[in-house]
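The values are calculated or read from the model by the stated rules, or taken from the named source; none is laboratory data. Keep in mind that what you see is a predicted model, and the values were worked out from it rather than measured. Neighbour counts are summed over all protein chains in view; Cβ atoms, including those assigned to glycine, are modelled from backbone coordinates with ideal geometry. Surface areas here come from the heavy atoms of the whole protein model, side chains and all, with no ligands, DNA or RNA. Shrake-Rupley method; radii C 1.70, N 1.55, O 1.52, S 1.80 Å.
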Amino acid sequence: MSLADAIHYRRKRMTTEFGADQALRTYLMVVRRRAWWIACVALLGLATSIGLALTEPKQYSATAQLLVQPSGTSTALGNAPAAVTPTDVQTDLQLVTSAPVQHAVSDHLGSRPTVSAAEVAQTNIIAISAVSPTPARAALIANTFARAFVSYEQRVAIEALSLAEGQLRTQIRSLGRQIASLKGQTSVSSESAALLNQEAVQKEQLAQMQVDGAVTTGGVEFVTPAQPPVSPSSPKPVQDGALGLTVGLILGLAGAFIRDSFDDTLTTKEATERLGGSPVLAMVPMVPSWKRREQPLVVSISQPLSPAAEAYRSLRTSLQFIRQERELRTILVTSPAATEGKTSTIANLGAVFAQAGERVLLVSCDLRRPRLGKFFGLDEQTGLTSVLLGHRQLGAVVQRVNDTMWVLGAGAVPSNPAELLSGKEMRQLFAVLRTKFDLVLIDSPPVLPVTDAAVLSNYVDGTLLVIAAGQTRRVELQRAAEKLAQVNAPVVGMVLNEVTRQSGYGYGYGYGYMADAEVPLARVPVPAPGRGPAAASTGSRHGRRGALLPYSMGDSSDRSD
């Protein structure tokens, strides 16, 4: 089996064995990302249900019970009454609220209240429930309906017995006439005896019907009268609140999954790598102060023990591994769209490389909205454009941050940035910078709005694409990757920026992390050039660099912040 086949087999096996766990993890990540959404909807359901419960008037419920049983009467033919069937119970349930019963209740109460009738646990018992604002009224309504229904059933039963009695009396009179017509005839004595016997049986049935009519209940017995309740049946704030919370939680979960299905922003490392076509070299946690654009922060310097600073050091390590295999002195840092953190990435990446002992230059090639200098408190009025237009020398505009890091500001914003960046002067400038610094990091405008990044990608050894989790859209990353591929840009990887715990990725090792107070740049301890491990490896690859830019010229722009 080849190595490729083995890898394919292993991935297939992992998919088969852990597919359910992966799906569950995906669902949990959705819930984690939308936790506030779900909580708000659940609390809204709880508040609504409790609010309605507290404002709703109190209602009391009382219940009377009836027993459905055989009527206890014999039919006209002398057969025993049949047993009660489920159909008989369901029929009586419908008759409880029939028009004759309601009419009788109305005559007694002076109104027509509503009740509900239900079978009790598949038995022959019928529960009649009434609701009223007062306990006594609820019990009165339930008992009135129960008695009216019993009376109605008795009246119907008595009417049926009366009809049967009339039929028997007619038959008895007919038999009497037949017997009278046969008197004195000796030849029909047997026929006369039979008629007399039949007459005696029917008279016995008539007597039994008369007895049944006196004691009949109509097949329904009033067994449990309703009692005035001591507590209201509604509202019930605790039960209503629990129901509202449950309904709100279900709606919140449904809304979270629906919203997530329509959300096309990137939140996971896997989706970013699949759509961008490059590996994610680092995932940088969200730093709250990044949202305040007027206060730029180099977190790897001001908070060196924070998870974000550790993520930038991880990015530095990944790039150092890449540099072991290929030449990577100039790196372009860009993003698909604006406000995705490319400038903060380049500032922090330059800081961690400088802390490793490498001589780093940060170049602000965003000639439309330059912002790199603000991270270090530097003025960008003179810089790259001044050199490209021949107004100033390169050594006069490069500004020192500390012993191992410098910044080349953007300079005056030109009217034709793309044309200025695509000139031969720009290519020559990068060739000079490659010989003077161990690493040159270039900040450029976003890929999609303008062509500056595509132009600059031709001058560098590698391009780093910054993606903002929860902000960059899938289609934006796809278009940016396609645009860079069209110009053969050497994309070395991506950075998933502004990652939160809701994205499903933990960060930090728990080794006593604390939010360090901001440290002035001048007080940050940085290894001297050539003494850090990165500098040693750089020296072994490229040899010892010559002098840096001619700061000995004494230009007034040489300063350390």
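Which value, in Å² and to the nearest 10, is the accessible area of R329 when all protein chains are kept and the probe is 1.4 Å?
50
Search the structure for amide H atoms under 5 Å from the amide H of G383, placed 1.01 Å from N in the peptide plane, and list their residues when 5 or more places away or on another chain.
Hits under the 5 Å cutoff: G411, A412.
Please work out the Cα convex hull volume for the stretch 83-154 and give it in Å³ per residue. Please report the intermediate quantities before stating the final value.
Details: hull volume 6.0 nm³, N = 72.
Once divided by residue count, the hull of the stretch 83-154 is 83 Å³.
Probe radius 1.4 Å, ligands and nucleic acids left out: which of L305, L140, L439 has the largest accessible area, and how do the rest follow? Don't skip to the end; give the middle numbers.
On the way: L305 105, L140 70, L439 0 Å².
Result, largest first: L305, L140, L439.
Just the Cα atoms of the stretch 301-346, one point each, no solvent: what log10 I(q)/I(0) does Debye give at q = 0.21, 0.29, 0.32 Å⁻¹?
-0.89, -1.07, -1.10
Run the numbers on the stretch 350-428 and let me know its relative contact order in percent, using alpha-carbon pairs under 8 Å that are six or more apart.
Value for the stretch 350-428: 36 percent.
Report the accessible area of S129, computed with a 1.4 Å probe over the heavy atoms of all protein chains in place, in Å² rounded to the nearest 10.
30
On average, how much area does the Cα convex hull of the stretch 258-347 cover when viewed from any direction, in nm²?
Result: a mean projected hull area of 7.6 nm².
Give me the percent relative contact order of the stretch 406-491, please, defined on Cα pairs under 8 angstrom at least 6 residues apart.
Reported as a whole number, the value is 29 percent.
Can you give me the distance in nm between label points at E221 and V432, each placed 7 Å from the Cα along the Cα-to-Cβ direction?
About 11.4 nm separates the two model spin labels.
Counting only other residues whose beta carbon sits under 12 Å from that of A410, what net charge do I get with K and R as +1, D and E as -1?
-1
Going down the list K342/K436; K269/K342; K58/K236, which pairs span over 19 Å between their C-alpha atoms?
K342/K436
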